[in-house]
Amino acid sequence: LAAHRSGQNSVHYNAAFMTAVKENLSLLGDLRRAMENGELSLHYQPKITMSSGKVCGAEALIRWKHPQRGWIPPGLFIPCAEQSTLIQAVVEFTLTCSLKQITEWLDQGVSIPVAVNVSPRNLIHPGFVDNVLSCLDHYAVAGNLLELEITEGALMIDMERMIGELNRLAQHGVRISVDDFGTGYSSLQYLHRLPISHLKIDQSFVKRALTDAGASHIIESAISLAHKMHIKAIGEGIENQATYDLLARQGCDIAQGYAVSHPLPEHEFIRWYAQHEKGFSFTEQ
Ligand code: C2E
Ligand code: MG
Ligand code: MG
Ligand code: MG
């Protein structure tokens, strides 16, 4: 009756909605199975210091190769996992996998801080910080080799508690960066009270930097805000040399993006690292 009264469209809408719900449920079921079957892995994308071209870190990005569907992008299944407690298992996986990777690289004489993406739901989970600290302890990794990327919005939930929790991580040397900076609604006053080490300027601004004066001004402001907070600015989603050069001129400290390297599986990453140990530059490309 309700469908009849509100017309055809709502019937279509409901059908589409139900399909989406079913799709999500089957994706979640598959994800649960995928974790047990080892279908998940991490790729690593280098971050480089713009002044020297030297690698200063790597972002761990989750990858899922589904036996039937092939690669499923995190943009599809992470938001889905975030709606359930499964996101707890995801961060557990990315943390342990990254820490193992750090120790393997250290064994090869390579010391690279790894950044793990943390969902809002992970961060507000009461045992989260204790879990991170016990993982560091378990793998005997120094806190300063781990970085957590947290979006602005997540930092603004339960601010007072967040300040205490993040300070506990910072006391162990763990770095906190603000991911997708500029797309959320963070209060600058609060941002200042958090132990943040990097601002990652969102790709949407970086992509438009060359063609849109507004985007370019936002990038400049974010860089100057970072520097006033005595922290570093990272440009993400840098796809070409012209954008790289522009951000370098604007005083950006660190670069990440396809222009430097795509995210790579661990073996390719270490090969890329060895090739660029003296410093990445466009002329040698
Ligand atoms: P993010 O943390 O902002 O990650 C950056 C995304 O931009 C990655 O996409 C990366 O592959 C992509 N990217 C890097 N450079 C370029 C570039 O030059 N051009 C373009 N067009 N894209 C570039 P990816 O791996 O598909 O991840 C998308 C988002 O999924 C991430 O955004 C993050 O929010 C989420 N995500 C990925 N891995 C994890 C994870 O392990 N845990 C959680 N909670 N979220 C994750
Ligand atoms: Mg990130
Ligand atoms: Mg980002
Ligand atoms: Mg993002």
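Table for the structure above
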quantity: L210 being aliphatic (A, V, I, L, M), out of contact with any Pro (no Cβ under 9 Å at 6 or more places or on another chain), at pLDDT 95 or above and surrounded by fewer than 19 Cβ atoms within 10 Å (Cβ to Cβ); calculated: yes
quantity: Odd one out for D158 among (1) within 16 Å of ligand 2 (Cβ to nearest atom); (2) open to solvent by 60 Å² or more (accessible area, probe 1.4 Å); (3) not hydroxyl-bearing (S, T, Y); calculated: (1)
quantity: From the options N144, N117, residue that is within 16 Å of ligand 1 (Cβ to nearest atom) and polar (S, T, N, Q); calculated: N117
quantity: Those residues of region 70-91 which are of a type in the set (A, V, I, L, M, F, W, C) and either over 14 Å from the mean Cα position of the chain (by Cα) or within 16 Å of ligand 3 (Cβ to nearest atom) (or both), in sequence order; calculated: W71, I72, L76, F77, I78, C80, A81, L86, I87, A89
quantity: Test: T183 is within 16 Å of ligand 2 (Cβ to nearest atom), among the hydroxyl-bearing types (S, T, Y) and either within 25 Å of M159 (Cα to Cα) or assigned to a loop (DSSP other than H, G, I, E, B) (or both); calculated: yes
quantity: Residue ID - surrounded by the fewest Cβ atoms within 10 Å (Cβ to Cβ), chosen from residues in region 65-102 that are in a helix (DSSP H, G or I) and aromatic (F, W, Y); calculated: F93
quantity: G251 assigned to a loop (DSSP other than H, G, I, E, B), buried (at least 18 other Cβ atoms within 10 Å of the Cβ) and at pLDDT 95 or above; calculated: no
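The rows are residues; the columns are (1) in contact (Cβ under 8 Å) with a residue 12 or more places away in the chain; (2) in a loop (DSSP other than H, G, I, E, B); (3) under 20 Å from the mean Cα position of the chain (by Cα).
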site	(1), (2), (3)
R161	no, no, no
E165	yes, no, yes
D179	yes, no, yes
K200	yes, no, yes
H227	yes, no, no
A233	yes, no, yes
I238	yes, yes, yes
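The values are calculated or read from the model by the stated rules, or taken from the named source; none is laboratory data. These figures come from a predicted structure and were not determined experimentally. Using ideal geometry, Cβ is built from the backbone for each residue, glycine included, and neighbour counts are taken over all protein chains shown. Ligands, DNA and RNA are excluded from the accessible area calculation, which covers all protein heavy atoms including side chains. Shrake-Rupley method; radii C 1.70, N 1.55, O 1.52, S 1.80 Å.
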